[in-house]
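Structure first, commentary second.
The values are calculated or read from the model by the stated rules, or taken from the named source; none is laboratory data. What you are looking at is a predicted structure, and each value in this text was computed from that prediction instead of being measured. We place every Cβ from the backbone using ideal geometry, glycine too, and count neighbours over all the protein chains shown.
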Amino acid sequence: MSRLPEPSTEALAHSQRLHDAIADAVRREGGFLAFSRYMEMALYAPGLGYYAAGARKFGSAGDFVTAPEMTPLFGQALATQIAQAMLASAPMVIEVGAGSGRLAADVLLALEKMDSLPDCYAILDLSPDLRARQRETLAAAAPHLLSRVHWLDRLPEHFSGVVVANELLDALPADLVVWGEGEIFERGVGVDTNGRFTWNERPAGGALLDAALAIAEECALGGAYLSEISLAARAWSAEWGRRLERGVLLLIDYGFPRHEFYHPQRRQGTLMCHYRHHAHPDPFFLPGLQDLTVHVDFTAIIAAAHGAGLDLLGYTNQGQFLLNCGLLDRLAEIPPATPDYYRASAAAARLTMPHEMGELFKVIAIGRGVDQTLCGFTRGDQSRRL
C-alpha cells in the first residue's frame, strides 16, 4: 500500500481510542468479532466512528467527493424524478444519510423552480456534526426553505412520499465470507499479542450461512472465494415494507446485480477504504479516520424489499437515469462558453460517462401503490438483469 497522508496528533489519538474500544469488543466476544460489527463500530460508534465524529468527510477537504458535491446538476435532475414520485404518492421527502446537505439544498431549490416543493423535507442522520453542517449548508444556499426541513432521529412508523438515499447502502455493515472447497467460513477480526487487529476465521452459521449457501448455488462459487454479504442492507430495504404506505424509494449507489457482484473477477470482494482521496484495501488502517465501503448486491436489495411486499419500479445505471431526468436540459440553461458552463459540463460528463461514474453507479426504485412508469427509467431500464 502506497504511503498515505499523515494524520495530526489529535486525529491519531482519536483513532487510538476507537481502536482500543474495538479491541475491548473483540476480547468480550472471545477473540472473534464479526466484521459487520467491526465495520459498524469503525463507522458509527458514538463520538468515535467515522460518521459519528467531527472530521470533515465530503468534498475536496475531506476523504472523497460525492455526486452532489460535484455539481448542482445532479440534484436538479433527481428533483425531476422526486416531483413525479410525489405526485403519485404524497408531497413528502425523506433523505437518509444527507452528507453535507448539498443534495437537499439543490433538490429543494430545483423543486421550488418547478413549483413542486414538498410540505416537508426530512433528513435522517444520527451524526450531530453532520446535522450541523447540513443546517449550515441549507441556511447558506436556501435560507427561505429551511423551515421546510426537519431532522429525524429514527425512521417514521408510517410514511407516504419519496425516500432518497445517495451512497447509503455501501456504508451499511457487511460480513466477510470465504467460500472454500466444501465449507463456508466467516472472516472476522481478532487481536494479536501486540494489540494489533488480525484476521480470524470460523465456520459460518445462522442467517449468514443461509445467505452464503444460496449465493454459492446461484453463482456457482467454488474454491477460495472471498466476498461480502450485507444482511444490514437487506434488513434496511425490507423494513420499508412495514413502513411505506404509498411512495417510492430512490436508492443510488455503486454495485452490481448478483451474478456480476459474485463474479470470478472479484474473487477478493469489493471492500474498499477511503482516506484523504486515497482508496486502499486495509480496513484496519486508522479506524475512525477512514470510510469503509462495500459494493451493493442490488439483487439482494430488491429480493428483500419484494419479500416485504414492495415492488421493483425501475433499475438502471446512473448515467441513463440522469439523462432520462433531463440533466442535459439543465446543463443547457447555463450560459455557454462561460467558466460555469465548462465546469458543469465536465461534471456532467463524469456523472454520466460509462468509464466514469455513469455505469458503476446504479439507481433502483422500489415502492408501493405507484403504477406509472417513473421518468428516470423510461429508457434503458435494466430490471431484467436483477
Hey, does region 143-150 have a residue that's at pLDDT 95 or above, of a type outside the set (K, R), part of a helix (DSSP H, G or I) and within 30 Å of H277 (Cβ to Cβ)?
no
Options R102, R56, R3: the member that is among the basic types (K, R), closer than 21 Å to H274 by Cα and at pLDDT 95 or above
R102
Tally of residues being in a helix (DSSP H, G or I), without any contact (Cβ under 8 Å) to a residue 40 or more places away in the chain and over 22 Å from A83 (Cβ atoms) across region 102-135
5
If you check L138 against the conditions, is it buried (at least 20 other Cβ atoms within 10 Å of the Cβ), part of a helix (DSSP H, G or I) and touching a Phe, Trp or Tyr at 6+ places or on another chain (Cβ under 8 Å)?
no
Can you name the residue in region 204-233 that is surrounded by 23 or more Cβ atoms within 10 Å (Cβ to Cβ) and closer than 30 Å to M86 by Cβ and, of all such residues, is farthest from the chain's Cα centre (by Cα)?
S230
Of the numbered conditions (1) under 19 Å from R266 (Cβ atoms); (2) modelled with pLDDT under 95, G182 fails exactly one; give the number of that condition.
(1)
Residue match in region 328-346 (condition: outside any helix (DSSP H, G or I), touching a Gly at 6+ places or on another chain (Cβ under 7 Å) and within 24 Å of L111 (Cβ to Cβ)):
no
Take the residues of region 154-203 that are surrounded by fewer than 17 Cβ atoms within 10 Å (Cβ to Cβ) and among the charged types (D, E, K, R): which is farthest from M272 (Cα to Cα)?
E157
Picking from E228, E260, E217, E239, which residue would you name as being at pLDDT below 95 and under 27 Å from G309 (Cβ atoms)?
E217
Which numbered condition A337 fails, given (1) of a type in the set (G, A, S); (2) exposed (fewer than 15 other Cβ atoms within 10 Å of the Cβ); (3) under 29 Å from L4 (Cα atoms)
(3)
Among the residues of region 8-27, is any farther than 30 Å from P203 by Cβ, within 20 Å of the chain's Cα centre (by Cα) and at pLDDT below 95?
no
Restricting region 226-279 to residues that are part of a strand (DSSP E or B) and among the acidic types (D, E), the one farthest from P173 (Cα to Cα) turns out to be E245
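Residue-wise test of (1) within 26 Å of L322 (Cβ to Cβ); (2) of a type outside the set (S, T, N, Q).
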site: T80; (1), (2): yes, no
site: A90; (1), (2): yes, yes
site: V93; (1), (2): yes, yes
site: R135; (1), (2): no, yes
site: P143; (1), (2): no, yes
site: F159; (1), (2): yes, yes
List every residue pair whose Cβ atoms lie under 7 Å apart, where the two residues are 6 or more positions apart in sequence or sit on different chains, the first residue falls within region 302-325 and is part of a helix (DSSP H, G or I), and the second residue, located anywhere, is acidic (D, E).
G319/E359
